[in-house]
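Q: Handing you this structure, nothing more for now.
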Amino acid sequence: MARNIVQKVILTGKLKATSPISVGAGESVGGVDIPLTVDGLGRFFIPGTSIAGALRAWVETRDRKTADAVFGTQDNASWLFVEDALVTLPEQAVPELRSGVGIDRKWGSAAPRFKYERQVLPVGTTIDMRIELDLGEDNKENHIELLKFLACGLISEKIQLGAGKTKGLGWVILKEQRIQVYDLTRPQQIFAWLNRENADTMEPVDCTGISMRTSDMDLTLSLAPKGTAIMVKGPVDGSDIDMLPQVGYAGNGRVYAVIPGSSIKGALRAHAERIVRTLKGEHAQGDLAKQLDVPLVKELFGSKDSAGWLRIRDVYGSTGIEPKRFLNEDFGNWGKAEDHVAIDRFTGGAVDGALYNLLRPPQDWSEMKMDLRLPDSVDEKTAKAVKTLLLFLVRDLVSGMIPIGFGATRGLGKIKVKDAKIVMKDQELTVSPEQGVTGLAESSKQDLLNAWSTAVMEGGNG
């Protein structure tokens, strides 16, 4: 049945990447397992389907029925259309490589077939966005309100694009928004739309009073090394320096040392598994997929079937270096080279070929940020148990029990948390090594612990 479309509303703007973005092409290229998508001219772009999927997921946090009505179902076409979006990299920036590896919980080494490299767009990348929304006589007001809700999600940096959303990737913010309205009841306006000529412009979206989904827990931690270096090994070795740190562009002409959200997530997950397995008296068994199937942990961090509920941002260093100098290994005072060697246990001398050096990056780190967002379908007992597990993890992280990054089994990666704040809806908590979690009412604390004990004993699924 034909639709009676009376207006078209076009939302355009620049999406600015506030974290790296991964939108994979589906096939490995040049040794990269997950390369970025490119068009026929070799230009990087983000498919409209990727943007539309992220927008739909955002609308579903408010009303799934509205999402189906606007974005379409198997039986009804979509009223909203998103074009493929070309991207512009920041000056001097190039796509970055991020490595991922799965660690066998039994042996502590890399699990077979669980190592990969993904290509990501750097921070500061600009994405040319164009969204087109059809309006009918009977849905005009509802669709306009929906478009404002979408714009506010982008303006407020609440919508992520691409893969790796729980690992610090995909964050964008909308800049230079413009909304044009074409009246399709007037022939000249139809031609203007077809020719992409300017039309009447609406006022910029005002997000005041727009109700948006918030996180169930927001965590902010200020980091410092605890006598040793914190470093995540980069995907490429140097010529003079064997092991270089992972670095990332931060939008101002310099690159900075990075602790990827994936590295933090991996360290926290392994510690969470140890907590639950210890309480249940179990050991890691089977292949990696089976080892990851731990109640409460799989809900918090994800599984092969569903994404986790905890999102962790990348942590950047505060001291940058020009990309050209980094590539030429002209480090100057940026970082410190350290020599390491393996000792032959029989002769007491150095093992042949086992001498290497690494570059320890500057140890001034930005804040570590995480947030927990529970699905609407989760039952109250599981929700409380997962919150409790996360509080245990933050407590142990603050206490220096969870090393992060390269060389964790060699004394590296120990951190000291100078300050830790947790916001849970209507209350603010603090965490310290001496007092643990404070600010939680005694009744709330007991409620969380009861749910935790029950969920662990029952397997975590309530």
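The values are calculated or read from the model by the stated rules, or taken from the named source; none is laboratory data. All figures in this text were calculated on a predicted structure; none of them were measured in a lab. Here the Cβ positions follow ideal geometry from the backbone for every residue, glycine too, while neighbour counts run over all protein chains shown.
Q: Here are 159, 155: which of them is crowded, with 21+ Cβ neighbours inside 10 Å and of a type in the set (A, V, I, L, M, F, W, C)?
A: Residue meeting the stated conditions: 159.
Q: Kindly evaluate residue 231 against the criterion of being within 30 Å of the chain's Cα centre (by Cα) and closer than 24 Å to residue 398 by Cβ. Explain how you work it out, then say what you get.
A: On the way: within 30 Å of the chain's Cα centre (by Cα): yes; closer than 24 Å to residue 398 by Cβ: yes.
In short, yes.
Q: Looking only at the stretch 328-350, how many residues end up being among the polar types (S, T, N, Q) and at pLDDT 90 or above?
A: The number of residues fulfilling the criteria is 2.
Q: Name the single residue that is farthest from residue 211 (Cα to Cα) among those in the stretch 154-169 being touching a helix residue (DSSP H, G or I) at 6+ places or on another chain (Cβ under 8 Å) and part of a loop (DSSP other than H, G, I, E, B).
A: Only one residue tops the list, namely 164.
Q: Another question, if that's okay. With 369, 384 as the choices, which residue is at pLDDT 90 or above and under 21 Å from the mean Cα position of the chain (by Cα)?
A: So the residue among 369, 384 that is at pLDDT 90 or above and under 21 Å from the mean Cα position of the chain (by Cα) is 369.
Q: From the list 411, 407, 353, 400, exactly one residue is surrounded by 14 or more Cβ atoms within 10 Å (Cβ to Cβ), at pLDDT below 85 and over 21 Å from the mean Cα position of the chain (by Cα). Which is it? Explain how you work it out, then say what you get.
A: Numbers: 411 fails: surrounded by 14 or more Cβ atoms within 10 Å (Cβ to Cβ); 353 fails: surrounded by 14 or more Cβ atoms within 10 Å (Cβ to Cβ); 400 fails: at pLDDT below 85.
On inspection, the qualifying residue turns out to be 407.
Q: Step by step: first the residues of the stretch 200-235, then only those that are part of a strand (DSSP E or B) and without any contact (Cβ under 8 Å) to a residue 60 or more places away in the chain, then the one that is farthest from residue 354 (Cα to Cα). Which residue is that?
A: Here is the first cut: in the stretch 200-235, the ones part of a strand (DSSP E or B) are 200-201, 217-225, 233.
Now restrict to residues that are without any contact (Cβ under 8 Å) to a residue 60 or more places away in the chain: 200-201.
On the way: 200: 69, 201: 66 Å.
Among those that are part of a strand (DSSP E or B) and without any contact (Cβ under 8 Å) to a residue 60 or more places away in the chain, it is 200.
Q: While we're looking at this one, here's another question. Can you pull out every residue in the stretch 129-153 that is among the aliphatic types (A, V, I, L, M) and part of a strand (DSSP E or B)? Write out each step before concluding.
A: Keep residues of the stretch 129-153 that are among the aliphatic types (A, V, I, L, M), which gives 129, 131, 133, 135, 144, 146-147, 150-151.
Answer for the stretch 129-153, where residues must be among the aliphatic types (A, V, I, L, M) and part of a strand (DSSP E or B): 129, 131, 133, 135.
Q: For the stretch 384-462, please list each of the strands (runs of 3 or more DSSP E) lying entirely inside it that holds at least 1 residues being in contact with a helix residue (DSSP H, G or I) (Cβ under 7 Å, 6 or more places away or on another chain) and not assigned by TED's automatic domain parsing to the domain that holds residue 302.
A: Details: elements: 415-424, 427-432, 436-438.
Ranges flagged: none.
Q: Can you give me the number of residues within the stretch 236-254 that are more than 19 Å from the chain's Cα centre (by Cα) and either buried (at least 24 other Cβ atoms within 10 Å of the Cβ) or part of a loop (DSSP other than H, G, I, E, B) (or both)?
A: 12
Q: For the stretch 65-85, which positions are aliphatic (A, V, I, L, M) and surrounded by 15 or more Cβ atoms within 10 Å (Cβ to Cβ)? Full working, then the answer.
A: Going residue by residue through the stretch 65-85, those that are aliphatic (A, V, I, L, M) are 67, 69-70, 77, 80, 82, 85.
Correct list: 67, 69, 70, 80, 82, 85.
Yes/no per residue for (1) assigned by TED's automatic domain parsing to the domain that holds residue 37; (2) of a type in the set (D, E, K, R); (3) at pLDDT 95 or above; (4) touching a His at 6+ places or on another chain (Cβ under 7 Å):
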{"residue": "126", "(1), (2), (3), (4)": "yes, no, yes, no"}
{"residue": "129", "(1), (2), (3), (4)": "yes, no, yes, no"}
{"residue": "141", "(1), (2), (3), (4)": "yes, yes, no, no"}
{"residue": "169", "(1), (2), (3), (4)": "yes, no, yes, no"}
{"residue": "174", "(1), (2), (3), (4)": "yes, no, yes, no"}
{"residue": "182", "(1), (2), (3), (4)": "yes, no, no, no"}
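Q: For the stretch 81-105, enumerate the residues that are part of a strand (DSSP E or B), of a type outside the set (Ser, Thr, Tyr), free of Cβ contacts under 8 Å to residues at least 60 places away in the same chain and under 21 Å from residue 37 (Cβ atoms). Show your work before the answer.
A: So in the stretch 81-105, the residues part of a strand (DSSP E or B) come out as 81-82, 85-88, 96-103.
Checking which are of a type outside the set (Ser, Thr, Tyr) leaves us with 81-82, 85-87, 96-98, 100-103.
Those left that are additionally free of Cβ contacts under 8 Å to residues at least 60 places away in the same chain: 81-82, 86-87, 101.
Within the stretch 81-105, 81, 82, 86, 87 qualify.
Q: What number of residues within the stretch 21-56 are touching a residue at least 24 places away in the same chain (Cβ under 8 Å) and closer than 15 Å to residue 164 by Cβ?
A: Total meeting the criteria: 12.
Q: Being at pLDDT below 90 and either in the same structural domain as residue 9 (by TED's automatic domain parsing) or surrounded by fewer than 17 Cβ atoms within 10 Å (Cβ to Cβ) (or both) is true for just one of 190, 210. Which residue is that?
A: 210
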